[in-house]
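In what follows, a structure is listed as structure tokens, so that the remarks can point back to it.
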Amino acid sequence: MHNFHTIEEIVLQHSTRNMDKIQAHFPNEHTKHAVNAFLKLEKGVVFIYTGFYVAGYAETDGPLGAYFLAKAFLKLGYTPVIITDSFCEDYFPDVKTLYIPLSGLSDEESTMILNTYKPICHLSIERCGQNHEGRYLNARGVDIKEFTAPVDELFKKGSKTAPSFGIGDGGNEVGMGSFAEILKNKEFFYDYCVIPCDYPMIASVSNWGGYGFIAELEKSLHINVLPSFEEVEKYLEFIVSKGSVDGIKRESVMSVDGKEWSLEPEILQALKDYATKG
């Protein structure tokens, strides 16, 4: 059994989108740093942003991580609210969900949402964010703006008054603007989201980054909050039944980001070992 010392060593395995280049450039324990900051906040509402449009549906990367983050936060006494758009409709039946229209929110509407919920922080996981031209580019460099509600505008606005966290696996996700220094290198990244966050985190698959955050919470608090592989697989079956697609295969199948599904229990086991051993 490999003895991993950091979350990044676990969740950056099998990298195919140059996240390892970011880690080499910024060799930090991003997840530990983020969780330490999160645990200093007073308990309250946590806004979780997710949902990435692919081929007519939301992809399977993002909702899984968002859902289990929400479940962990609930168990720890926080109130999660998922912020997404209609492509993730009914993906989160037991978690409060706000659907942002494709046309976006007016300034008054976004102010009202922030004043109503008073989130203690904003956490985005695998949500496409605008580039320097205000376009929303997918992994192929195709602009998906017409299918992407500008939830990043709410994230950006909320981040002015509460800490922000971002999890991404390709550079085009909300929060990854924090790594602009390396993302500007066109040799590795064709383009990137310009919206930064206070605590950016990276993974080979964004869901793994979400589980990494949960594992770090578990290690810090000694409370069992990491989902089992069976729970993850059951939830994947649920969203696939709703049409959710693998972002690489562009098909509604039991996988995420084109990765072998057999890797999932390995990653979760490594995270569990990390969280529970010394």
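Can you send over the carbon and sulfur percentage of the accessible area for segment 161-265, probe radius 1.4 Å, protein chains only?
Carbon plus sulfur share of accessible area: 51 percent.
In whole percent, and with a 1.4 Å probe on the protein chains, what portion of the accessible area of segment 17-81 is carbon and sulfur?
Ligands and nucleic acids excluded, carbon and sulfur reach 51 percent.
Largest first, how would T111, T116 line up by accessible area (1.4 Å probe)?
Per-residue accessible area, sorted high to low, gives T116, T111.
Collect residues whose amide H, placed 1.01 Å from N in the peptide plane, falls under 5 Å from the amide H of C193; neighbours closer than 5 in sequence don't count.
N172, E173
Dimensions of the chain along principal axes (Cα, Å, largest first)?
Taking max minus min along each principal axis of the Cα atoms, the chain gives 51, 41, 39 Å.
P(r) for segment 80-163: what percent of alpha-carbon pairs falls in each 5 Å bin, starting at zero?
3, 13, 24, 25, 20, 10, 3, 0
Counting only Cα atoms, I'd like the Rg/Rh figure for segment 71-226, Kirkwood definition for Rh.
Rounded to two decimals, Rg over Rh is 0.96.
Can you give the translational diffusion coefficient of segment 12-144 in µm²/s, computed by Stokes-Einstein from the Kirkwood radius over Cα pairs at 4 °C and 1.567 mPa s?
The estimated diffusion coefficient comes to 78 µm²/s.
What is the P(r) of segment 31-86, as percent of Cα-Cα pairs per 10 Å bin from 0?
P(r) for segment 31-86, in whole percents per bin: 22, 48, 24, 7.
Which whole number in µm²/s is D for segment 186-278 by Stokes-Einstein, with the Kirkwood Rh taken over Cα pairs at 25 °C and 0.890 mPa s? Please report the intermediate quantities before stating the final value.
Working: Rh = 15.0 Å.
Diffusion coefficient, whole number: 164 µm²/s.
Of R140, R135, which has the most accessible area with a 1.4 Å probe, and how do the rest follow in descending order?
Numbers: R140 130, R135 90 Å².
Solvent-accessible surface, decreasing: R140, R135.
What is the dipole size for the chain, taken about its Cα centre, with +1 at each Lys and Arg Cβ and -1 at each Asp and Glu Cβ, in debye to the nearest 20? Mind showing how you got there, number by number?
Values: 26 positive and 39 negative charges, 120 e Å.
My answer is approximately 580 debye.
Taking the Kirkwood radius as the inverse of the mean 1/r across Cα pairs, report the Rg/Rh of segment 115-207.
Taking Rg over the Kirkwood Rh, I get 0.96.
Which one, N185, F229, W261, is farthest towards the positive end of the dipole of segment 141-278 when Lys and Arg carry +1 and Asp and Glu -1 on their Cβ?
Final value for the positive-end residue is N185.
Considering the dipole of the chain built from charges on the beta carbon (Lys and Arg +1, Asp and Glu -1) around the Cα centre, which of N138, F213, G62 is farthest to its positive end?
F213
Keeping all protein chains in place, calculate the accessible area per residue for the chain (probe 1.4 angstrom), answer in Å².
Ligands and nucleic acids excluded, the figure is 41 Å² per residue.
Within segment 13-55, report the trypsin sites (Lys or Arg not before Pro) that DSSP leaves as loop and that have at most 12 other Cβ atoms within 10 Å.
K40, K43
Please calculate the 1.4 Å probe accessible area of S255, with all protein chains present, and give it to the nearest 10 Å².
About 0 Å², rounded to the nearest 10.
To the nearest 10 square angstrom, what accessible area does E29 show with a 1.4 Å probe?
Looks like 70 Å² after rounding.
Where is the GNM fluctuation largest for the chain (alpha-carbon springs, 10 angstrom cutoff): N138, N207, N185?
It is N185.
The values are calculated or read from the model by the stated rules, or taken from the named source; none is laboratory data. Just so it is clear, the structure is predicted and the values come from calculations on it, not from any experiment. Please note: Cβ atoms are built from the backbone with ideal geometry, for glycine as well, and neighbour counts cover all protein chains shown. The protein model used for the area step is the full one, side chains on, heavy atoms only, and it has no ligands, DNA or RNA in it. Shrake-Rupley method; radii C 1.70, N 1.55, O 1.52, S 1.80 Å.
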